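Take a look at the structure set out below.
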Protein chains: 2
Amino acid sequence: MQDPMPNAFRPGATALPEGEAALVARRQAALGPAYRLFYEHPLHLVRGEGVWLYDAGGRAYLDTYNNVASCGHCHPRIVAAMAEQAGLFASHTRYLHDRVLTLAERLLGTMPAEMGHVMFTCTGSEANDLALRIARAATGGTGVIVTENAYHGVTASVAEFSPSLGSGVPLGPHVRTVPPPDPRRFAGDSAQGFADAVQAAIDDLNRHGIRPAVLIVDTIFSSDGVFADPTGVLGPAVAAIRAAGGIFIADEVQPGFGRTGAGMWGFSRHGIVPDMISMGKPMGNGYPLAALALRPEVIAEFGQNARYFNTFGGNAVAAAVGNAVLDVIADEGLIENARTVGAGFADTLRDLARQYAGLGQVRAAGLFLGVDVETDGHPDGARAGRLVNGLREEGVLISATGPKGHVLKIRPPLTFSADNVAFFAERLERVLRRG
Amino acid sequence: MQDPMPNAFRPGATALPEGEAALVARRQAALGPAYRLFYEHPLHLVRGEGVWLYDAGGRAYLDTYNNVASCGHCHPRIVAAMAEQAGLFASHTRYLHDRVLTLAERLLGTMPAEMGHVMFTCTGSEANDLALRIARAATGGTGVIVTENAYHGVTASVAEFSPSLGSGVPLGPHVRTVPPPDPRRFAGDSAQGFADAVQAAIDDLNRHGIRPAVLIVDTIFSSDGVFADPTGVLGPAVAAIRAAGGIFIADEVQPGFGRTGAGMWGFSRHGIVPDMISMGKPMGNGYPLAALALRPEVIAEFGQNARYFNTFGGNAVAAAVGNAVLDVIADEGLIENARTVGAGFADTLRDLARQYAGLGQVRAAGLFLGVDVETDGHPDGARAGRLVNGLREEGVLISATGPKGHVLKIRPPLTFSADNVAFFAERLERVLRRG
């Protein structure tokens, strides 16, 4: 049996209104047993605008969870760019088209000069899967090192190094896990502690005759529980994987595109330059668009032996959408907004944590926030689940994460305002007061 | 070194006009060495409408190659459905939404009653990758049997059973290949010959201690060279893989959605019911949308141990687009059109093959056509390449396929007309007359 997913609906556990029960039944019949809904009482959403979502009855919910619609739900400028290009031409990358080149060049312009190329896919899973293929060719190795509760995607090869999918999805024999750089896990220097753990994983791979290929981390450790600080924690580990002949991949699918408020990419907070950078979710604000940026020397071997074509990846509509997202991030000052509003949001949550025993440590970078939920100082996933469901009843959407499901995961659109923070805090306090 | 791709542009081999040379240079810099362009003289396309594409200079090209825009380029009804839903809400599948259920139910309505569920992805590669994960869980095996020059996708796991990617992309140790059901390859009964080859592959897997999991075929054998006839050729092979404890996957990414003119799916021409059906390319007429349909018993084990979530797969916009594509196929009579226009197209090509020694056997089902190009009765990939490039200069787009690149691959939008066939034939004859 699989491990439970945080905040998953359990069919039969809640009595649902007739219309929703019918939708749930249709869904189980049509989509089958591998799909999961959120919440004890699933949401039937029909409309989105900015930071707000609306259910079929017209009730509004403050969306502080969906990190795909980072520019706000249904952003008119992005929808218009998509519709315009879709009405004109949806090429693929075996014809010349300038929009995909412009997008690649603009993305490279946000990255360190060492990054030379961008390859386009449709999903973050595909980007990490392609990264694995390229890394194997570049290193001659197969070993992969990830954090304990990492999530990197759902292809067969990437699921093998995504431990957060649960014990029903086995890790590959070539995969080793390390603790995330949570200062509470290491005596003293987190950077050195993390690097020591990576070195031990390298040694263990080598001891088994497996050549290390990759260290890949989500640079804010989202599914491990959101570990934003200290910054600068990755350098020694990156040096260790390179010394072992492997390469370092920054998975920016969650922290990327300005969410941390400290520039476009989460890795820059750690003062390192990756060998490859994968990106996805917010890249198309809802349109299926993802990519892999890389140093030219990393792709040399793969490029000599193989070609890459993704039918929809980098098509002209995807490129138009990607460019519009970059325009909106710049023109609306979303990175600066993530920084300032995020800082206020973290302060507000820390104030609440001082008042309510159920809330523990608050960790945040920009508008990516994690809050430990505890009982008597111990992680309490069930209590986190009650808070998440209580907030849903109060019109606020978040979720929980971490190996014990005890970390509130808060990732609103980057257009979030101080008023939205106040609304969130007022509703959270209502729920906390109930216990 | 990799094998050459049919109809690939070789940088430096052709002198290009200044503007195009600049685009090619930007592209090599931005996208890197693994990307390929079509044609000796690459096309810079900027607009599409119906069966026509237009380059930056305004020249029109008859598109008889792109099997994504099967309803015609930039179909207004499909673009409108996309724009409307994108402006309203782009949910994912962890909230209730009826459009994705409607799409799943409508797709199941086009399939044999044995098929029970549909799971949504963004690309055909992801659909086949998910099929592999499910098949491994269902069978306890890992062995995969494919045709000699099959293409099923580009994820790390699917590339391992896509021999058409060339010798630079190694097949997995658990992969065996069989000849496609080309009657010229088998003495006597093609169905039995194909089944015998599959049985030999099963035996060889077992001899190596590898339990067979999957026989997967593109039901028109596109990249093997387009083998449309005889029909009814798959039954004994499907029985063989099932008897060995494996399952049969029909890859409908290329033949599906009415292209064969004999119903929605290519497998139905062979009188069998698959265990899983993967689909993609034309499903969203350009929007990244793909899926996997399956018998409920196949997903039981996977559903117990694992969950599946694809951030963009089955989102409300994807579902709106998929429903619009089904509407257009039905309301515009595209399957019937593929049948009648395709039959005329095949007759026309056979007439030409009688007149010009360079054209050999014509194989076709609906608007999926393959034509052997030969010299003195032997396959001639170089000559096919000259025809493809000659047609491009005459304003007609096709490509070449097959292990020797000698098969003209013709797959126009399903809105193709008899006039379009006449235009194609006139231009092809111009090129053939030149030698």
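The values are calculated or read from the model by the stated rules, or taken from the named source; none is laboratory data. This one's a predicted model, so the numbers in the text were calculated from it and none came from an experiment. Don't worry about glycine lacking a Cβ; one is built from the backbone with ideal geometry, like all the others, and counts go over all protein chains shown. Calculation scope for accessible area: heavy atoms of the full protein, side chains included, ligands and nucleic acids excluded. Shrake-Rupley method; radii C 1.70, N 1.55, O 1.52, S 1.80 Å.
Name the residues in the range B:183-199 that are free of Cβ contacts under 8 Å to residues at least 40 places away in the same chain and open to solvent by 60 Å² or more (accessible area, probe 1.4 Å), would you?
B:184, B:185, B:187, B:188, B:189, B:196 - these are the residues of the range B:183-199 that are free of Cβ contacts under 8 Å to residues at least 40 places away in the same chain and open to solvent by 60 Å² or more (accessible area, probe 1.4 Å).
Taking the options B:101, B:88, B:96, name whichever one is within 7 Å of chain A (Cβ to nearest Cβ) and touching an Asp or Glu at 6+ places or on another chain (Cβ under 8 Å).
That would be B:96, the only listed residue that is within 7 Å of chain A (Cβ to nearest Cβ) and touching an Asp or Glu at 6+ places or on another chain (Cβ under 8 Å).
Tell me whether the range A:233-240 contains one or more residues that are more than 18 Å from residue A:152 (Cβ to Cβ), free of Cβ contacts under 8 Å to residues at least 24 places away in the same chain and open to solvent by 30 Å² or more (accessible area, probe 1.4 Å).
No: zero hits.
Are there strands (runs of 3 or more DSSP E) fully within the range B:1-98 with at least 2 residues that are of a type outside the set (Val, Ile, Thr) and open to solvent by 10 Å² or more (accessible area, probe 1.4 Å)? List them.
Strands (runs of 3 or more DSSP E) meeting the threshold: B:45-49, B:52-55.
Looking at A:114, A:84, which is the one that is in the same structural domain as residue A:246 (by TED's automatic domain parsing) and under 26 Å from residue B:70 (Cβ atoms)?
None of the others qualify; the one that does is A:84.
If you scan the range A:152-182, which residues turn out to be open to solvent by less than 20 Å² (accessible area, probe 1.4 Å) and either farther than 24 Å from residue B:123 by Cβ or not assigned by TED's automatic domain parsing to the domain that holds residue A:200 (or both)?
A:166, A:175, A:178, A:180, A:181, A:182
If we scan the range B:89-110, do we find a residue that is closer than 22 Å to residue B:411 by Cα and either of a type in the set (Lys, Arg) or touching a Ser or Thr at 6+ places or on another chain (Cβ under 6 Å) (or both)?
For the range B:89-110, residues closer than 22 Å to residue B:411 by Cα and either of a type in the set (Lys, Arg) or touching a Ser or Thr at 6+ places or on another chain (Cβ under 6 Å) (or both): absent.
Which of the residues spanning the range A:51-68 are among the aliphatic types (A, V, I, L, M) and more than 7 Å from chain B (Cβ to nearest Cβ)?
A:51, A:53, A:56, A:60, A:62
Please find, among A:365, A:382, the residue that is of a type in the set (A, V, I, L, M, F, W, C) and open to solvent by 10 Å² or more (accessible area, probe 1.4 Å).
The unique qualifying residue is A:382.
Restricting the search to the range A:319-333, which residues are in contact with a Lys or Arg (Cβ under 9 Å, 6 or more places away or on another chain) and open to solvent by less than 10 Å² (accessible area, probe 1.4 Å)?
The answer is A:319, A:320, A:322, A:324, A:328.
Mind checking whether some residue in the range B:216-229 is more than 14 Å from chain A (Cβ to nearest Cβ), buried (at least 24 other Cβ atoms within 10 Å of the Cβ), part of a strand (DSSP E or B) and in contact with a helix residue (DSSP H, G or I) (Cβ under 9 Å, 6 or more places away or on another chain)?
Within the range B:216-229, one or more residues are more than 14 Å from chain A (Cβ to nearest Cβ), buried (at least 24 other Cβ atoms within 10 Å of the Cβ), part of a strand (DSSP E or B) and in contact with a helix residue (DSSP H, G or I) (Cβ under 9 Å, 6 or more places away or on another chain).
Scanning the range B:25-50 for residues that are in contact (Cβ under 8 Å) with a residue 60 or more places away in the chain and under 28 Å from residue A:307 (Cα atoms), which turns out farthest from the other protein chains (Cβ to nearest Cβ)?
B:40
Can you pull out the residues in the range A:258-295 that are away from every other protein chain (no Cβ under 14 Å), surrounded by 24 or more Cβ atoms within 10 Å (Cβ to Cβ) and closer than 28 Å to residue B:90 by Cα?
Scanning the range A:258-295 gives A:258, A:259, A:260, A:265, A:266.
Which of the numbered conditions does residue A:306 fail, given that it passes all the others? Conditions: (1) aliphatic (A, V, I, L, M); (2) at pLDDT below 95; (3) surrounded by 24 or more Cβ atoms within 10 Å (Cβ to Cβ).
(3)
I'm trying to understand the selection: among the residues of the range B:158-182, which are under 19 Å from residue B:267 (Cα atoms) and either of a type in the set (Ser, Thr, Tyr) or at pLDDT below 95 (or both)?
none
Which residue out of A:63, A:55 is touching a residue at least 40 places away in the same chain (Cβ under 8 Å) and either among the small types (Gly, Ala, Ser) or not assigned by TED's automatic domain parsing to the domain that holds residue A:168 (or both)?
A:63
From the list A:384, A:364, which residue is outside the structural domain of residue A:230 (by TED's automatic domain parsing), farther than 26 Å from residue A:74 by Cβ, in a helix (DSSP H, G or I) and touching a residue at least 12 places away in the same chain (Cβ under 8 Å)?
A:384
Would you check if there is a residue in the range A:341-348 being open to solvent by 10 Å² or more (accessible area, probe 1.4 Å), assigned to a helix (DSSP H, G or I) and under 25 Å from residue A:405 (Cβ atoms)?
Checking the range A:341-348: at least one residue is open to solvent by 10 Å² or more (accessible area, probe 1.4 Å), assigned to a helix (DSSP H, G or I) and under 25 Å from residue A:405 (Cβ atoms).
Among the numbered criteria (1) in contact with a Pro (Cβ under 8 Å, 6 or more places away or on another chain); (2) open to solvent by less than 10 Å² (accessible area, probe 1.4 Å), which one does residue B:428 miss?
It fails just one condition, (1).
Do you know which of the residues in the range A:99-148 that are over 25 Å from residue A:288 (Cα atoms) and of a type in the set (Ser, Thr, Tyr) is most open to solvent (accessible area, probe 1.4 Å)?
Checked the range A:99-148; the qualifying residue most open to solvent (accessible area, probe 1.4 Å) is A:142.
Any idea which of A:103, A:96, A:108, A:132 is free of Cβ contacts under 8 Å to residues at least 24 places away in the same chain and closer than 25 Å to residue B:36 by Cα?
None of the other options fit; the residue is A:96.
Working only within the range B:135-166, note down all residues that are under 16 Å from residue B:223 (Cβ atoms) and without any contact (Cβ under 8 Å) to a residue 12 or more places away in the chain.
B:159
Assigned by TED's automatic domain parsing to the domain that holds residue B:295, at pLDDT 95 or above, within 15 Å of residue B:177 (Cβ to Cβ) and assigned to a helix (DSSP H, G or I): is that true of residue B:240 in this structure?
Against the criterion (assigned by TED's automatic domain parsing to the domain that holds residue B:295, at pLDDT 95 or above, within 15 Å of residue B:177 (Cβ to Cβ) and assigned to a helix (DSSP H, G or I)), residue B:240 does not qualify.
Report the residue count in the range A:242-273 for those that are charged (D, E, K, R) and farther than 20 Å from residue A:225 by Cβ.
Summing the residues that are charged (D, E, K, R) and farther than 20 Å from residue A:225 by Cβ in the range A:242-273 gives 1.
Which number in (1) in a strand (DSSP E or B); (2) open to solvent by 20 Å² or more (accessible area, probe 1.4 Å); (3) hydrophobic (A, V, I, L, M, F, W, C) marks the one condition that residue A:250 misses?
All conditions pass for residue A:250, except number (2).
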